Structures are given as structure tokens and as C-alpha cells.
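**Student:** Please see the structure below; I have some questions.
Nothing in this text is a laboratory measurement; each read-out follows from the coordinates by a stated rule. The shown structure was predicted, so the numbers you read here are calculated from the model rather than taken from an experiment. Ideal geometry is used to build each Cβ from the backbone, glycine not excepted, and the neighbour counts take in all protein chains shown.
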Ligand SMILES: [Zn+2]
């Protein structure tokens, strides 16, 4: 894929004035640490962000990314298993005291990611692509590598990320130019593409090596790391659309594969005979495997959505839902597909079904609220956005759309309150313009010169 080379390389440039002010604001909030010793290399590293900052950014952003990925797996046993595999590596990491946790998320596409405080997730798509527990530990180990070498904080310190998350939350959905991220942003979901998209090739090299060290030390055979690289290399060479976000955040290359194979045969050769636990992995993911065809249909449908082939996407979702009729992610993706085709009654119906199968997860409320706005059921839409806000606070889009629904109801006071609240968090884009214009019309904001 041609986009990978540009995505992998951080663009160096000096801070502009606005970013500098944001950085100063962070400094006064106590987030900046100055120079620090890198926990992995033991060398001095330009490190402006403190550990508190890493943990706070994680806590503010990761819940939104998990919801954008349709929430954590409803299969508690499988989540526990993923948690165990991750937790077993913690004592061997360079930062064993970080508040790590590991889980699967319902998204169908192929991805895994780590937030700087240690929240790590793998999608159903990637869990289905792995063939052993050792490969899973290599995947999680790689993500642990990013956290331990402090790659996000390092990119932030270099200025690569400052625009995206200086305000605390990343309102930037997906990677620029990435169709999956764009889809998320259309529906007002908060992704953390900007936060997660900045790993360089050097970062990848370091994370691969650390991941291998952690998994081998916790008792897995090196073949697990080779299996992971073989799988990634295959997806990469096949230009799999379902893995495009994975490769835009974690640049893949033949070199990564070759290095892993050569490390397995040299430095880590002693661990060759350690177990892979293939059967244990298959047992624990059996429930997932039963609906493998459905998840693959959802992957295809999502790719078609990204290409705006909505009717083809719809038949693919339909086929997937035949195998897995009460699949939260499938139902909600189908709701979005209906919405994109302006079939709002259908969008509402599918999002209501999604709510019923996973009441704790917030995203269905958002899609249902948006559909109700289109159907001019404004008061019911307000209820949905309130429910979303209760389940998952902190998404400024919810505030905007609730204000929009209040506007539809003719409730200017409440609408103005929400629009003001929104503008405190977001000052650019069409929504901000709409909110600003209304506040001026209603005399809440006096334009300069008046
Ligand atoms: Zn990576």
C-alpha cells in the first residue's frame, strides 16, 4: 500500500504559536516532565510528557476508541483469557507498574493497538487471524513494546502529535486519508487515529524486539512471533483493506518479517522449543470461530462501505447477519449502512436491535439518536444522546447533536446551552460553524464590532 511509507514517518516541524500556548497550558497543568531516562534503553530521551500525562490521555481517549470499535467482547471468558495472556508478560516488561489491561473488541476489521497508559485491545478480526496463544502473546507483546518504550509520549515530545491531543481528547477520527477513520467521523464517533497513528519504522523495530523478549521470557516459543509476522506479511502483500488501519499505524515491511525470523534463529534460538499452545488458543476462541464467516462478511461489507458501494455492502451485512443475527457490531454497522443510504427508518430499526443485544455499549444510542433526528423525532433523539452521555461521557459530538435535537424541538435555551458547551471544546468545522451561527442569530454571542 502506497500510504504506508508516508504514514510511518513523523513529520518534523517547529511548534506554531497556538501549539506552543497549548504546550504551555499542559506545562502549567503539571503534565510536562522534561528530559527523562528511557525505561528500555536506559539512555536520556527528549521526554516532555510525564507518566501521569500518559495515563490521563489513555483514560480520556481509550474508552472512545473501544466504543468506536463496538465495545469490549461480550464473551467474558475470552476477555479473561486475553487478559491472562497479557498479564503474564507484565513482570518481564520494563514498566511493570503501569495500569495495563487487555481485552478484545467487537470490531470486525483487523487491528490491535495500545494507549500510552497501557490499555491494549485486539479486534475480532485479528483474533481470528492468529493461530496460537504464542502468536497472541507476540501481538500483545508488540503493543506492550510501544507502551514500554514510551513511543506515544516520545512522538508527542517531538511535536508530531501536539495538534491532535493537546486539548486532552483526540477529536480526530481515524488516520487522515483512511476510509475507516472517515466513516467513524461521519457518525460522530471519536477514534484515536491521530494518537495511535504515529509509530515510525524505528518504533516498530523496537516494539517487535521488545515484544519478542517479553513473550519468550514468559515461556512462549519464538515460532509464535514468526507466525504473527507471516500472517501480517500475507495481509500486507495481499493489500487487505480490512487491515489498512493496522498498517497505517504499525508500518509493515519485509524487513520486520526477516528480522523476526533471524532473531528466532540467533538471539532467541534457545526458546525455539518452548510451547505455542495452539489448541488452548483454538479452544478459547471457539465461539468466535463459529461465526467466522459472519465476521468476514462484515469485513467485506465495511470495505464496500468505505468505497461507498452501499447496496453491495448491505447484501454483505445481510448475509453476515444470517449466521450471526444478534451480533452487536453487525447490527450497528448495518444501521450505518442504512443511514448512509438515507433509509432512516431501517437505520433506526437496526440500531434499536443493537441496543437490545448490548445495552451497556454506547454507540447504538448515537446512531439511533442520529436516525431520530433525520426522522424529526427530536425529543426521542435527546433521550438517546442523554443515554449515550451517561454511558460514555466526553464526546463533544453528542453535545452538538443533542443541541441540534433541542433546536429541532424549538427549545432555544437548551439548544444554546449545548452549542456553547460544544464550542468550548471544538472551534473548527461545519458543526462549530452551525453552533456559532445559531448563537449569533439568537443573540447569545455578540459579534465583534457590534
Ligand atoms: Zn507497532
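**Student:** At q = 0.09, 0.12, 0.22 Å⁻¹, what is the base-10 log of I(q)/I(0) for region 252-381 according to the Debye formula with one equal point scatterer per Cα and no solvent? Please give it to two decimals.
**Tutor:** -0.43, -0.62, -1.19
**Student:** Suppose a student asked you for the relative contact order of region 192-318, using Cα pairs under 8 Å spaced at least 6 residues apart; what percent would you report? Could you put the intermediate results ahead of the total?
**Tutor:** Details: 90 pairs, mean separation 35.1, N = 127.
28 percent.
**Student:** Just report the Cα centroid separation between region 416-450 and region 259-303, whole Å.
**Tutor:** Centre-to-centre distance over Cα atoms comes out at 50 Å.
**Student:** Here's another thing I want to ask about it. Could you please state, rounded to a whole Å, how far the C-alpha centre of region 69-118 is from the C-alpha centre of region 306-322?
**Tutor:** So the separation of the two Cα centres works out to 30 Å.
**Student:** If contacts are Cα pairs under 8 angstrom and at least 6 residues apart, what is the relative contact order of region 334-419 in percent?
**Tutor:** Values: 110 pairs, mean separation 18.0, N = 86.
That works out to 21 percent.
**Student:** Return 90, 126, 373 ranked ascending by Cβ neighbour count within 10 Å, so the fewest neighbours appear first. Don't skip to the answer; put the middle values down first.
**Tutor:** Working: 90 17, 126 25, 373 22.
Going from sparsest to densest Cβ surroundings: 90, 373, 126.
**Student:** With contacts defined as alpha carbon pairs under 8 Å and 6 or more residues apart, what's the relative contact order of region 381-450 in percent? The partial results should precede the final answer.
**Tutor:** Details: 59 pairs, mean separation 16.1, N = 70.
Computed value for region 381-450: 23 percent relative contact order.
**Student:** Something else: By counting other Cβ atoms within 10 Å of each Cβ, how are 349, 266 ranked from fewest to most? Can you show the working numbers first?
**Tutor:** Numbers: 349 17, 266 8.
Least to most surrounded, the residues fall as 266, 349.
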